[in-house]
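These notes are about the structure you will find just below.
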Amino acid sequence: MMQSVSVPIPQSAPIPAIPVREIVPWAVFGGVGVIVLLYFVGVEQGAASIFSNTLVHEFVHDARHLAGLPCH
Ligand SMILES: [Zn+2]
């Protein structure tokens, strides 16, 4: 004979709403970080480079080729 067992369904807690005012600074911070990273991977070489040596370019060289950016 089958017995039915009632298992209480756990009630999920309501998802708290995050105000936009708290998200904007982190979004700006992340956006600036991505732009700086894209600069160093994509543009930092040659006459337009910030650093005169090729250390940064060589450090991100594989990422540059992985992203399909022109290099050499
Ligand atoms: Zn290259």
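Every number in this text was worked out from the coordinates using simple rules, so none of it is lab data. Because the structure is predicted, anything quoted here is derived from the model rather than measured. FYI the Cβ positions are ideal-geometry reconstructions off the backbone, even for glycines, and counts take in every protein chain you see.
What separates the Cα centres of segment 52-72 and segment 5-26 is a distance of 42 Å.
Between the beta carbons of Glu22 and Ala67, assuming R0 = 35 Å, the FRET efficiency works out to 0.65 to the nearest 0.05. Each peptide in 2-10, 57-65, 27-35 was scored by the mean count of other Cβ atoms within 10 Å over its residues; highest first, the order is 57-65, 27-35, 2-10. For the chain, the longest principal axis of the alpha carbon atoms and the long axis of helix 20-42 meet at an angle near 40°.
For the chain, the spread of Cα positions along the three principal axes, ordered from largest to smallest, is 81, 39, 17 Å. Residue separation of Ser4 and Val56 scaled by 0.36 nm, minus their Cα-Cα distance, works out to 12.0 nm of gained length. Here, segment 24-66 has an Rg and a Dmax of 12.0, 36 Å when only alpha carbons are counted.
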